[in-house]
Amino acid sequence: MNGTGMKEGPKIRPETLADGRHIADVIRAAFALAPHSSGTEAAIVERLRTNGALSLSLVVVEEGTLVGHVAFSPVMIAGRASNWSGLGPLAVRPDRQAGGLGTALVRAGLETLRQQGAGGCVVLGDPGYYARFGFMVDTALRYADAPAEYFQALPFTNDRPVGAVTYNGAFAG
């Protein structure tokens, strides 16, 4: 409740040092029953954080409780550093899924990346979900470890890179 006695709506903000354990709990819960889960998503985010390889890490908080998280990390394209990021993992606590929180996190993250001057973003995920943000298959960008239709790109500028995309080593374990 806020000072007026009304419930506070969800608030999206950058993660803080105190959020780490709560983020891990949300990620584990969100991916527990996902058929595509490797079970390592929380560890990936922790390794990205430890390696200083989070371009952006946002959380959504409802009534003082962290209920969602999205990570963005730098990607290499054609073996070189780029000003592009990879989106993921995206996690919302199971009891809060399908209520728009994941969409709000992704939109806020993409807008922040644009404002920071990023060239674009890639995602490995469900084309039906990520198309709503403008992601689409771009044959100029390739990711060898997944079916092509699940690897999508969203350029923020007309400067479109070409080549194989490599995620941060934190994803490899």
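Checked against (1) surrounded by 19 or more Cβ atoms within 10 Å (Cβ to Cβ); (2) in contact with a strand residue (DSSP E or B) (Cβ under 7 Å, 6 or more places away or on another chain), F171 passes all but a single condition, namely (2). Here L105 fits the description: under 13 Å from the mean Cα position of the chain (by Cα), crowded, with 22+ Cβ neighbours inside 10 Å and in contact (Cβ under 8 Å) with a residue 40 or more places away in the chain.
The single residue among V67, V59 that is touching an Asp or Glu at 6+ places or on another chain (Cβ under 6 Å) and within 19 Å of V106 (Cβ to Cβ) turns out to be V59. Report, by residue number, each residue of the stretch 61-75 that is in contact with a Lys or Arg (Cβ under 7 Å, 6 or more places away or on another chain) and at pLDDT 95 or above. Those that are in contact with a Lys or Arg (Cβ under 7 Å, 6 or more places away or on another chain) and at pLDDT 95 or above: V61, V67, G68.
If the condition is being at pLDDT below 95 and either surrounded by 13 or more Cβ atoms within 10 Å (Cβ to Cβ) or in a loop (DSSP other than H, G, I, E, B) (or both), then the stretch 120-130 contributes L124, G125, D126, P127, Y129.
Yes or no, residue by residue, for (1) more than 19 Å from G117 (Cβ to Cβ); (2) among the basic types (K, R); (3) crowded, with 18+ Cβ neighbours inside 10 Å:
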residue: A32; (1), (2), (3): yes, no, no
residue: H36; (1), (2), (3): yes, no, no
residue: A43; (1), (2), (3): yes, no, no
residue: E46; (1), (2), (3): yes, no, no
residue: R49; (1), (2), (3): yes, yes, yes
residue: A53; (1), (2), (3): no, no, no
residue: L58; (1), (2), (3): no, no, yes
residue: N83; (1), (2), (3): no, no, yes
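Please work out which residue is least open to solvent (accessible area, probe 1.4 Å), limiting yourself to the stretch 85-101 and to residues that are in contact with a helix residue (DSSP H, G or I) (Cβ under 9 Å, 6 or more places away or on another chain) and part of a loop (DSSP other than H, G, I, E, B). My answer is R93.
Considering the stretch 131-144 alone, what residues qualify as being under 16 Å from G86 (Cβ atoms), touching a residue at least 24 places away in the same chain (Cβ under 8 Å) and surrounded by fewer than 19 Cβ atoms within 10 Å (Cβ to Cβ)? Hit for the stretch 131-144 is F133, nothing else. Just one of (1) open to solvent by 50 Å² or more (accessible area, probe 1.4 Å); (2) under 16 Å from S55 (Cα atoms); (3) in contact (Cβ under 8 Å) with a residue 12 or more places away in the chain fails for E111. It is (3). Among the residues that make up the stretch 145-158, is at least one of them of a type outside the set (G, A, S), modelled with pLDDT under 95, open to solvent by less than 50 Å² (accessible area, probe 1.4 Å) and farther than 28 Å from A24 by Cα? Taking every residue of the stretch 145-158 in turn, none turns out to be of a type outside the set (G, A, S), modelled with pLDDT under 95, open to solvent by less than 50 Å² (accessible area, probe 1.4 Å) and farther than 28 Å from A24 by Cα.
The values are calculated or read from the model by the stated rules, or taken from the named source; none is laboratory data. Everything quoted here is computed from the prediction, not taken from an experiment. All Cβ positions, even for glycine, are placed from backbone atoms using ideal geometry, and neighbour counts span all protein chains on display. These area figures cover heavy atoms from the full protein model, side chains too; ligands, DNA and RNA do not enter into them. Shrake-Rupley method; radii C 1.70, N 1.55, O 1.52, S 1.80 Å.
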